[in-house]
1. Find the centroid of the Cα atoms in region A:204-234 and in region A:71-104, then give the distance between the two in whole Å.
2. Find the relative contact order for region B:13-299 and round it to a whole percent, using C-alpha pairs within less than 8 Å whose residues are 6+ positions apart.
3. In nm, to one decimal, how far is the B:Asp170 label point from the B:Ala254 one, both placed 7 Å along Cα→Cβ?
4. How much length, in nm to one decimal, is gained on full extension between B:Ala22 and B:Met272, taken as 0.36 nm per residue of separation minus their Cα-Cα distance?
5. Taking a temperature of 37 °C and a viscosity of 0.692 mPa s, what whole-number D in µm²/s does Stokes-Einstein yield for chain B with Rh from Kirkwood over alpha carbon pairs?
6. Determine by what factor the alpha-carbon radius of gyration of region B:316-462 differs from 2.2 N^0.38 Å, reporting the quotient.
7. Treating only the Cβ atoms of Lys and Arg (+1) and Asp and Glu (-1) as charged, compute the dipole magnitude of chain B about its Cα centre; round to the nearest 20 debye.
8. Compute the FRET efficiency between B:Asp151 and A:Leu29 as 1/(1 + (r/R0)^6), taking r as their Cβ-Cβ distance and R0 = 56 Å, and round to the nearest 0.05.
Amino acid sequence: MRLALFITCVNDLVYPATGEAVVRLLRRLGHAVEFPGAQTCCGQLHANSGYRDEALPLVRHYAEVFAPYDAVVTPSGSCAAMVREWYPRLVPEAADVAARTYELSELLTDVLGVTDTGASYPHRVAYHPTCHGMRVLGLGERPLRLLRAVRGIDLVPLPGAEECCGFGGTFALKNAGVSAAMLADKCRAAESTGADVLAAADNSCLAHIGGGLSRAGSGLRTVHYAEILAAGEGS
Amino acid sequence: MTHGTGNLSGADFPRAALPLLADDRLRRNLRHATGTIRAKRAAVVGEVDDWEELREAGRAIKAHTMRHLPELLERFEEAAAAAGATVHWARDATEACAIIGDLIAATGESEVVKVKSMATQEIGLNEALEARGITAVETDLAELIVQLAGDTPSHILVPAIHKNRGEIRDLFRAAMPGAQDVSDEPADLAAAARRHLREKFLSAKVAVSGANFAVAETGTLVVVESEGNGRMCLTLPETLISLVGVEKIVPSFADLEVFLRLLPRSSTGERMNPYTSMWTGVADGPSAVHIVLLDNGRSAVLADEVGRQALHCIRCSACLNVCPVYERTGGHAYGSVYPGPIGAILSPQLTGVAANRSLPFASTLCGACYEVCPVKIDIPRVLVHLRQEAPKSPVERAAMRAMSWVMRDPRRYARALRAAALPLRRRRTLRRAPWPLSAWTAARDLPLPAAKSFRERWKEGV
């Protein structure tokens, strides 16, 4: 199976450590992963903000770059949802590659049949199920099952977990007041768990929540769950 | 096709939201009320094994109806007329107000009782009647509260959701005859309203209602309610005038089976609503029955293949109760009688997007609304569709175009990543950024690009 990593623009620019964790994790599980250097951005920002014409070249570009691969894995529920849900509507020829694009926990669980990634992470962790992963992809329990198998982890429930953190792409700028109110509630809920780490499947949502926590002077750190699944021996 | 008029637009959403966000009491009232109803809904929906099949049936019936709406409306008119009702057609809010005003004026009455109706709020009927010297008395408890306060509804089902019982007690003491000593106990408040309204029911000669459903096959109208005030209004007066949006049609009487199961569970979180009234023309109630079929922009919505699903809405308000944006602003920020997620897709379509340009953006696209919608309206999809049509600022458009131009070419993209990383290697976050990111840093720190992008690290060997 030829497996490609779609890193996403946010991870490429701001969170390269998440991409490295995905590569390390897959190699540890015995799978080679390629990084097609011509990849750019999935086009979600444009498509969701009402710029379909500007999104279309990015959709076509993605379809072209990833066409040769049997599966594409991405450490973002939101970008995976963009590809799977919207690509077939925007560019019908992109439907094939869209169907072969997986969020990390889907690839691990459904394609590779992995539950225990061999990780060890002795921290108290709360998990925030981000909206597009939860509602568009229907990730369900997959990320939690993977996290529960991590050695030493103390996984604690997050109150109001299903509620959006208020990021929403340009929503955070266009409706900054409402976004900040949602963020404040999410930060309060995360802090109430007593966790050291708040994990999620999307670094963009974590950037939002983490930005709120750091502004509030909180000691709670945000970590992409791929980095937890890759932690421990061999890392 | 003409756009809708009436109470369908207001100030820009972000601006209208600001004072509401700062109102702590409003936030507490909303969180408590939406949280309670959300839990009730989840519990009673969880009891139904075939809930997903029911939702799909509801969606399919509505989609079929929209494809055949002109024929179904004619069939409805024919059946209702055959049963003794008089059917009127209103192009927009002004026409509907004029028709209803004329019908009431012809009876010589100066006071009418009203059943809670979103359509009459949409067209601004009460204000239009007042201008003609006719008093419209709201008989639904929450609508009565809103009316006594000189306020506007902030929720489709619970129009006074923004008020708590202490506020309602103070209002009743000040504005309701004979309620000077009422307490803030819900039973006491309801008893005061009942005493006040009973007089109105017994003396009213004319009632105005909306309808939840209009059955094409039989010409039957259906009103679903909880308090029994609707039943009083629909049976006691001599003249009954019902304002019905054209999208309320269902093809056959048997279709009601699906919606009468979907609606109460989604709406009030009850297995069954206490009162379901159905009438077909003139029967044993009022001797004069009028039905006003309202377009007010609906034909324009129908013409849009993606957007028309907004017309499937059965006004349950489940989407309002789960919406994290609605929970923080309340309904008044939306500027339309239709607030929340459904309002954000319905109002801009009824008025034309240009007249409601901020509403399609009043959502994070979190999808909680779509998940609970009893007729599976894909609200996030329609929001994105409407964002496409919404007018944009030239600066935003230029920035989006530039970004797309960079991102469609791997070399340009890689250069941009390097340029972004270079000057900022020492710091990890920004506390204050220039416009437009200043909106972000007003409440959150902004993470900065890493010293090296992933693609550079990959080249060096991960």
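1. Taking the Cα centre of region A:71-104 as reference, the centre of region A:204-234 is 25 Å away.
2. Numbers: 468 pairs, mean separation 78.2, N = 287.
Here the relative contact order equals 27 percent.
3. Going by the 7 Å Cα→Cβ label model, 5.5 nm.
4. Numbers: separation 250, 0.36 × 250 = 90.00 nm, distance 3.73 nm.
The B:Ala22-B:Met272 span can extend by a further 86.3 nm.
5. For the chosen part, D equals 136 µm²/s.
6. On the way: Rg = 19.8 Å, N = 147, 2.2 N^0.38 = 14.7 Å.
That works out to 1.35 for region B:316-462.
7. Dipole about the Cα centre, nearest 20: 3760 debye.
8. Working: r = 60 Å, r/R0 = 1.08.
After rounding, the FRET efficiency stands at 0.40.
Here, each number is a calculation from the coordinates, and none is a lab measurement. As the structure is a computational prediction, the values presented were derived from the model and not from experiment. Please note: Cβ atoms are built from the backbone with ideal geometry, for glycine as well, and neighbour counts cover all protein chains shown.
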